[in-house]
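Structure, as structure tokens:
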Amino acid sequence: MIKYALIIANMIGALLVGTFMDDGVIIEDNTPSTMAPGEERRIDVTINKGEVEGFAKLQIDVPEGMTATAGETNGASFTFSNQKIKFIWMSLPAEQEFTVNYHLKAAPTATGSKVVSGVFSYIKENQRIDYELQSKIIVIGGTNTTVASQATEPAIEPVVPAYDGTDLACLRTITEIEADKYLVTLNVVNSDLKGFAKIKENVPSGLTINEDDSDGAVVTVEKEGIKYIWFEVPKLTNFKVSYTLTGTADPKIEGTFSYVEDNSPKEMDVINLGTTLIEEPLAVVTEPVTPVVPKDNGQATVASEVKETPAVVKTEPKTVTSNTTTTAKVAEKADNTSTTASVKPSNPASTTIPEPEVGVTYKVQIVAAHKVVGKAYFKSRHNFTENFSIENHEGWVKYATGKWEAYSEARNDRERIKKVYNFNGPFVTAYNDGERITVQEALMLTKQEWIK
């Protein structure tokens, strides 16, 4: 009974495509379910480091009867001793996602079920964080190989891609927005899901992929496709993501939508609807801009002419670091407005410019994503209506709230936010004259003490 329970746990772990952690870390591996005695396999471990930086260790426990040797370490030191594989980084690679691998060999006399487990460790706010990886079972030789392979087959319940307009589905629409450039939109409709979800698109060679809209997902662009992964699927009946393809190849795309329903992992094919249901085509329109007639010493100045200014559908505002709500309001306006005319302010002196940040300050980061959203998004997703600032940092759009000179006050607000809102692990961030630094540096500069 215990053995079969482990097999079921192993299947669920494999179907969820990896280990999902706080701080946005995702770890995936291709550990096989079966091996032959004496066989050697290369095991790839892909790590999306999320918000984690600096020191980290990946430890994998290998059972008796199996040995391991180094492969690609991606800057880590590698050791194998006492049946433990250790990849240790003094500083994680700069890439958001990277892969290491090792060679796993079964002894010629090895048989039976072998459990491979592991732990990923890193430092956060002077504390060591340990996350256990999903254990995997490798059946070596014997009759159990057949049992294990048969047991894994029904774990994913395939859904026939026939859409009647009422069932849960992931719908793909493709439109050619210009010569050899396509916008691909993926709409998840009639959703009542919670927890993990993933969309994986396989794209033909010869096409260049660029992310367009992620709707809060962690996005990985690969040579052969693109992946969207949610730790918590959007709490909306319908939500969508999109990407662009550039190239002369025919965009014949195949994709799958994976999710968890009633504690069971499921998967369905993405349904291709062609170009008939594009709701927001990227079109350039023109509309007249009403001239603003300012007064100069009480005398009206007549505009000499009215020019038509092009307005582009769905523009993306530039983001800047600010401790005011100005940026958030701009982002919210961009979310809720379908067309935006590019008009210079009639009275530049009335434009609000945030004061530059001076000295060491602390904030609480609540979310990191790949898109700019406004207050409406946070209210609908998290019931969060407080002010926040937006900054671009290491390829991410990061949202933070508050500003304190004392670390203890920022820490207290972090604890309050944890209790009141459903953010996934808010934490304190630090700045020196507006430039982001580590909390440890800030504490040393201000001679303050760290509080757990």
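Here are a few things to note about the model shown:
- Of the listed requirements (1) farther than 12 Å from Gln365 by Cα; (2) part of a strand (DSSP E or B), Thr429 misses just one: (1).
- Sole exception among (1) in a helix (DSSP H, G or I); (2) in contact with a Lys or Arg (Cβ under 7 Å, 6 or more places away or on another chain) for Leu443, by number: (2)
- Filtered residues of the stretch 187-223 (kept if of a type in the set (Gly, Ala, Ser) and touching a Pro at 6+ places or on another chain (Cβ under 9 Å)): Ser191, Ala197, Gly216, Ala217
- Of all residues in the stretch 390-420, those satisfying the criterion of being in contact (Cβ under 8 Å) with a residue 12 or more places away in the chain and among the polar types (S, T, N, Q) are Asn392, Thr401, Ser408.
- Flag for Asn387 being in a loop (DSSP other than H, G, I, E, B), outside the structural domain of Lys235 (by TED's automatic domain parsing) and touching a residue at least 24 places away in the same chain (Cβ under 8 Å): yes
- Residue match in the stretch 237-249 (condition: modelled with pLDDT under 85 and surrounded by 15 or more Cβ atoms within 10 Å (Cβ to Cβ)): no
- The set of residues in the stretch 390-409 that are under 24 Å from Val25 (Cα atoms) and modelled with pLDDT of 90 or more comprises Ala400, Thr401.
- Taking residues in the stretch 183-201 that are outside the structural domain of Tyr243 (by TED's automatic domain parsing), and partners anywhere that are buried (at least 20 other Cβ atoms within 10 Å of the Cβ), not one pair has Cβ atoms closer than 6 Å while being at least 6 places apart or on different chains.
- Selection status of Gln59, loosely packed, with under 15 Cβ neighbours inside 10 Å, at pLDDT 90 or above and farther than 26 Å from Glu441 by Cα: no
- Residue that is modelled with the lowest pLDDT, among those in the stretch 193-205 that are in a strand (DSSP E or B) and under 14 Å from the mean Cα position of the chain (by Cα): Ala197
- Taken together, the residues in the stretch 77-94 that are surrounded by 12 or more Cβ atoms within 10 Å (Cβ to Cβ), of a type in the set (S, T, N, Q) and in a strand (DSSP E or B) amount to 2.
- Test: residue in the stretch 206-215 that is under 12 Å from the mean Cα position of the chain (by Cα), in a loop (DSSP other than H, G, I, E, B), among the hydrophobic types (A, V, I, L, M, F, W, C) and not assigned by TED's automatic domain parsing to the domain that holds Phe423: no
- Subset of the stretch 216-259 that is of a type in the set (A, V, I, L, M, F, W, C) and part of a loop (DSSP other than H, G, I, E, B) - its residue that is farthest from Phe98 (Cα to Cα): Leu236
- Checking Arg41 against (1) under 20 Å from Ser135 (Cα atoms); (2) surrounded by 20 or more Cβ atoms within 10 Å (Cβ to Cβ), the condition it does not meet: (2)
The values are calculated or read from the model by the stated rules, or taken from the named source; none is laboratory data. Treat the numbers as computed from the prediction; the structure is a model and nothing was measured. Glycine gets a Cβ as well: all are built from the backbone with ideal geometry, and neighbour counts include every protein chain shown.
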